[in-house]
Amino acid sequence: MHWSRSPLARVFYLLVAAPLAVVVLSALPQHAAPQLPASEIVLGIDPPQSKVHWVLGTTLHAVHGTFAFKNGTFHVDPATGKASGEIAVCATSGDSGNDGRDKKMHKDVLESGKFPEIIFRPDRVEGKIAPQGIFTVQVHGILVLHGSEHELIVPVQAEFTGDHWTGSAKFNVPFIDWGLKNPSNFFLKVNHAVEIELDLKGSLQNPPAS
């Protein structure tokens, strides 16, 4: 019986060449998407659901206002406390409910047209990050305000729930001592530090195991 070369070639491919190709390809380096370190947690901030509240005391009354978050991602390794990432606030979103006062704040104090963002870059976390329930940690990092960098420690209270997290923080920013213009005048004196309160919500990747 005479076998043509075409059927023989097909048989050879099915029995030998195809399995061999699979083995060779599986041995080649794979360019998969980079994976997070096993212990690293990634917290993303949801800007529409988060807010910066501020209070500035004066000799007459306290001025209350808000800023909006632009974006933010926070990486932390609970095993070492090492942190990284960047959280940005829109300086141009500052609002105290008074157009004249806000115009002066943006033009003379923040100069938000020149410095449109306030940025916090975390570098380490002190304290235990709990997989369940509320926990409190100290977040150390660099705050970039009005183009200058300043060390800042932020006490944060947070809670993880599934793939989401919530948090809050309260701290002071001594903006006048950091070189921003003092908005005081003969009739009205303001405190040298503004009180900041953060309301935080966002997504959670790679939460710690219970």
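The values are calculated or read from the model by the stated rules, or taken from the named source; none is laboratory data. The shown structure was predicted, so the numbers you read here are calculated from the model rather than taken from an experiment. All Cβ positions, glycine included, derive from the backbone under ideal geometry; neighbour counts span all protein chains shown. Side chains are part of the model used for accessible areas, which takes the heavy atoms of the whole protein and leaves out ligands, DNA and RNA. Shrake-Rupley method; radii C 1.70, N 1.55, O 1.52, S 1.80 Å.
Which residues, counting only those in the stretch 135-163, are modelled with pLDDT of 95 or more and either more than 22 Å from ASN71 (Cβ to Cβ) or open to solvent by 60 Å² or more (accessible area, probe 1.4 Å) (or both)? Across the stretch 135-163, the qualifying residues are PHE135, THR136, GLN138, GLU149, GLU151, ILE153, PRO155, GLN157, GLU159.
Checking the structure you have, find out if any residue of the stretch 19-30 is modelled with pLDDT under 95 and either of a type in the set (Lys, Arg) or within 30 Å of GLY179 (Cβ to Cβ) (or both). Checked against the condition, which is being modelled with pLDDT under 95 and either of a type in the set (Lys, Arg) or within 30 Å of GLY179 (Cβ to Cβ) (or both), the stretch 19-30 yields no hits at all. Whether any residue in the stretch 83-92 is part of a strand (DSSP E or B), open to solvent by 50 Å² or more (accessible area, probe 1.4 Å) and among the β-branched types (Val, Ile, Thr) is what I want to check. Yes, there is a match, as at least one residue in the stretch 83-92 is part of a strand (DSSP E or B), open to solvent by 50 Å² or more (accessible area, probe 1.4 Å) and among the β-branched types (Val, Ile, Thr). Of the residues that sit in the stretch 199-210 and are open to solvent by 30 Å² or more (accessible area, probe 1.4 Å) and either among the hydroxyl-bearing types (Ser, Thr, Tyr) or out of contact with any helix residue (DSSP H, G or I) (no Cβ under 7 Å at 6 or more places or on another chain) (or both), which one is nearest to VAL154 (Cα to Cα)? Out of the qualifying residues, it is ASP199. Filtered by the rule that a residue be surrounded by 14 or more Cβ atoms within 10 Å (Cβ to Cβ), in a strand (DSSP E or B) and either among the acidic types (Asp, Glu) or at pLDDT below 95 (or both), the stretch 115-134 gives GLU117, ASP123.
If I filter the stretch 164-178 down to residues being touching a Leu at 6+ places or on another chain (Cβ under 9 Å) and open to solvent by 30 Å² or more (accessible area, probe 1.4 Å), which single residue comes out as nearest to GLN49 (Cα to Cα)? Explain how you work it out, then say what you get.
Restricting attention to the stretch 164-178, the residues satisfying the condition of being touching a Leu at 6+ places or on another chain (Cβ under 9 Å) are 164-171, 173, 175, 178.
Among the residues that remain, those that are also open to solvent by 30 Å² or more (accessible area, probe 1.4 Å) are: 164, 166, 168, 170-171, 178.
Details: HIS164: 12, THR166: 10, SER168: 12, LYS170: 18, PHE171: 20, TRP178: 30 Å.
Across the stretch 164-178, the extreme among qualifying residues is THR166.
Filtering the stretch 179-191 to residues that are among the polar types (S, T, N, Q) and open to solvent by 40 Å² or more (accessible area, probe 1.4 Å) leaves ASN182, ASN185, ASN191. Restricting attention to the stretch 153-165, does a residue exist that is closer than 21 Å to VAL76 by Cα, assigned to a strand (DSSP E or B), touching a His at 6+ places or on another chain (Cβ under 6 Å) and not charged (D, E, K, R)? Within the stretch 153-165 (the criterion being closer than 21 Å to VAL76 by Cα, assigned to a strand (DSSP E or B), touching a His at 6+ places or on another chain (Cβ under 6 Å) and not charged (D, E, K, R)), the answer is yes, since at least one residue qualifies.
Which members of the stretch 37-73 meet the condition of being assigned to a strand (DSSP E or B), polar (S, T, N, Q) and open to solvent by 50 Å² or more (accessible area, probe 1.4 Å)? If the condition is that a residue be assigned to a strand (DSSP E or B), polar (S, T, N, Q) and open to solvent by 50 Å² or more (accessible area, probe 1.4 Å), then ASN71, THR73 are the ones that fit. In the stretch 173-196, the condition of being touching a Pro at 6+ places or on another chain (Cβ under 8 Å), within 22 Å of THR73 (Cβ to Cβ) and in a strand (DSSP E or B) is met by no residue.
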